[in-house]
Amino acid sequence: MPDSGGINAALALIQMKKLYLIGMGPGGSEYLTMQAIQTLKQVDVFFMLEKEGRGKAELLTQRQDILTHYLGASGYRVVMAASPPRAKTADYQNDVQVWHDQKRALFADLIRDELADGQTGAFLLWGDPSLYDQTVSLVADLAAHSAGQMDFEIIPGITSVQVLTAKHKIPLNRVGESITITTGRHAETCDPATLDNAVVMLDYNASFQRFTGQEMDIYWGGYLGCPDEMLVAGSLDEVLDDLLRAKSQARDEKGWLMDIYLLRRRQRDNSAFE
Ligand SMILES: C[S@@+](CC[C@H](N)C(=O)[O-])C[C@H]1O[C@@H](n2cnc3c(N)ncnc32)[C@H](O)[C@@H]1O
């Protein structure tokens, strides 16, 4: 059995694997921060997950374009892996739990098999890694159980929320008011009277239709920061039909749509659109 000096010497020889979770902004290469660009240059292996569903090719191409734009075509390795799909049964919580377990196992395999000791890997995460993206928690679990052999760092990114408000030229919150950031799943089922100022993400069912007739304004954005960017803003009651038409046309033309919106209840009968 080696003495403690021997063990310490052996431990010193273990070279830690490092993983960066890099916020890539909402699409285009101009939305990366300087910190993100500097970090790209230190990475040996980029992990890219191929997700099921329409739009997957375009979302991967956007990541590839970022690498080519900032790093050129060589000097790094790209490892592709199929992202496990989430089952869609009546038990949503269980589906998510199983899905996360599978993703964590996939990440563990990738780090073990594709990253040598002392090397640096990265995931390019859409927008900011902290917003509706569970990669951070899954990687944190792996690091906590790695006996000090793996570490990770988060490089913040510009979120789709920020691009939405910037493009519509509005502040996110009104004076002294809270802002809610929620999902289409919540907007679809909540009491509409409980949302006064809310950003809704991951909405696949146009749940804003539940909020008509209630003095609400909407600021909507599709494919923000991408070449096909679309913006619609106005009194919800007035723009509803145009918005539904624009969404369905975009889906027909491109086969997929990524959109986000801010719903805002008018105060004292004031609307930005009256
Ligand atoms: C899984 S969440 C990831 C959010 C991301 N981490 C961020 O910081 O924006 C995906 C949702 O974000 C919103 N989203 C992300 N990028 C977008 C974009 N370029 N245009 C419109 N919505 C976007 C959509 O609501 C989409 O359903």
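Restricting to the stretch 23-65, what's the tally of residues that are outside any helix (DSSP H, G or I) and among the aliphatic types (A, V, I, L, M)? So the answer is 6. Among the residues of the stretch 66-122, the one identified as assigned to a helix (DSSP H, G or I), more than 25 Å from Ala143 (Cβ to Cβ) and acidic (Asp, Glu) is Asp95. Of the residues in the stretch 69-76, none is surrounded by 15 or more Cβ atoms within 10 Å (Cβ to Cβ) and within 16 Å of the ligand (Cβ to nearest atom). Contact map, the stretch 44-66: first residue surrounded by 16 or more Cβ atoms within 10 Å (Cβ to Cβ), second residue outside any strand (DSSP E or B) and small (Gly, Ala, Ser), Cβ cut-off under 7 Å, separation 6 or more or different chains; pairs are Leu49/Ser83; Gln62/Gly27; Ile66/Ser29.
None of the figures in this text is laboratory data; all of them are computed from the coordinates on show. Predicted model only: the values in this text are computed from it and were never measured. Methodologically, a virtual Cβ is constructed for each residue, glycine included, from the backbone with ideal geometry; neighbour enumeration extends over all protein chains shown.
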